[in-house]
Amino acid sequence: MARILHHGAVNGVTGSCHQLFDASGNSVLIDCGLFQGSEKSGREADPLPIEFPIEQVKALVVTHCHIDHVGRIPYLLAAGFKAPIYATRATARLLPLVIEDALKVGVTRDESLISKVIKLLKRLLVTVEYGKWVAIPGFGATGVRFQVAGHILGSAYVELKLPDGKVVFSGDLGAPYSPLLPAPKAPYRADCLVIESTYGDRLHEARRTRSRNLQKIIKHCLTDAGTILIPAFSIGRTQELLYEIEHIIHREGGDWHNLDVIVDSPLAAEFTQHYQELRDLWDAEARRRVSSGRHPLSFEQLITVNSHVEHIRLVQYLKRSGRPAIVIAASGMCAGGRIVN
Ligand SMILES: [Zn+2]
């Protein structure tokens, strides 16, 4: 059966990088992620260089563009990787932004180096539509196919057809009925399944309960003109939250229109823009809202903060104005970023 090496995502939950071999020793990588949060100790921590030979690696297949699945791509490129990088349309579009931001924040301020990396990355990217089998030259598989994973925009689980069976890599899967994105459909068959789970020991609250809790908290904030601070990943959670908040404001009307909703992260604001432009990938409910004249991700009360100066100004404004506000700030697991400043 399939031979697979796991570089990362073994001792911790982040840093996925799987290597799948064919019979002649050639291989493909599925994701190339970076360790995050408390699993590394500060910026100077070991950046996890690519510690395996890459000459026979024929491709990189990217399930989605969260940093714990793509963060080591610059190190892969630095190691001389020149094979194609397969990704869905949305992932191919978001990935260069994610990598550029990761380099700026954690690695280098050298603009020309960053632009070199991004240029190379864009050249290697091969866009693949969901549901289509694509051949990987030089690798002994009939093909690779991306299927909707419902986790973030562009996310996929991937299927690889080898002569002796089908291997499926789950990537990160979204919960069914999650907002904005179509729910994943289970693969028809798998002879070998590599499944990833971050919060595998928790049951997700039903979406309706979550939305009702959010509404309760917002109501409280409206009554005492307070500020709610919500930490959220720039890609995925931020847009889901905006989508739910827009719906609550739309449903409740009245006072609720006075609420300021602030996205306090330039990167999250940029991703939200891309989410809007790629709305053909939204689920039916979200598209219905758009065709009824609503703007689920760019509603009237939405304010985006694009720089540190604006951030400081915003904090002062909130102190002074006493207006009710929701602030969505970067950082998903509450371990770093603006939420701690
Ligand atoms: Zn993810």
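The values are calculated or read from the model by the stated rules, or taken from the named source; none is laboratory data. Since the model is a prediction, treat every value here as computed from it, not as a measurement. A quick note on method: Cβ atoms are made from the backbone with ideal geometry, for glycine too, and the neighbour counts reach across all protein chains shown. Side chains included, ligands, DNA and RNA excluded: accessible areas come from the protein's heavy atoms. Shrake-Rupley method; radii C 1.70, N 1.55, O 1.52, S 1.80 Å.
Kindly establish whether E159 is open to solvent by 10 Å² or more (accessible area, probe 1.4 Å) and charged (D, E, K, R).
Judged against the criteria, E159 is not a match.
Which one of these does L267 not meet: (1) crowded, with 17+ Cβ neighbours inside 10 Å; (2) under 21 Å from P176 (Cα atoms)?
(2)
In contact (Cβ under 8 Å) with a residue 40 or more places away in the chain and outside the structural domain of L95 (by TED's automatic domain parsing): is that true of I328 in this structure?
Yes: the conditions hold for I328.
List pairs: first residue in segment 140-155 and among the basic types (K, R), second residue away from the ligand (no atom under 15 Å from the Cβ) and open to solvent by 10 Å² or more (accessible area, probe 1.4 Å) anywhere in the structure, Cβ distance under 7 angstrom, at least six positions apart or on different chains.
Pairs that qualify, where the first residue is among the basic types (K, R) and the partner is away from the ligand (no atom under 15 Å from the Cβ) and open to solvent by 10 Å² or more (accessible area, probe 1.4 Å), are R145/G131; R145/K132; R145/W133.
Residue under question is I248, and the condition is that it be farther than 24 Å from C65 by Cα, hydrophobic (A, V, I, L, M, F, W, C) and touching a Ser or Thr at 6+ places or on another chain (Cβ under 9 Å); does it hold?
yes
Could you list, in sequence order, the residues of segment 302-320 that are open to solvent by less than 50 Å² (accessible area, probe 1.4 Å) and either closer than 23 Å to I217 by Cα or hydrophobic (A, V, I, L, M, F, W, C) (or both)?
Hits for segment 302-320 are L302, V305, L314, L318.
Pick out, from segment 1-97, the strands (runs of 3 or more DSSP E) lying fully within it that include 1 or more residues that are farther than 18 Å from A156 by Cα and modelled with pLDDT under 95.
Because the criterion is at least 1 residues that are farther than 18 Å from A156 by Cα and modelled with pLDDT under 95, the strands (runs of 3 or more DSSP E) in segment 1-97 that meet it are 3-6.
Going by the structure shown, is S292 surrounded by 14 or more Cβ atoms within 10 Å (Cβ to Cβ), among the hydroxyl-bearing types (S, T, Y) and either without any contact (Cβ under 8 Å) to a residue 12 or more places away in the chain or closer than 23 Å to S178 by Cβ (or both)?
no
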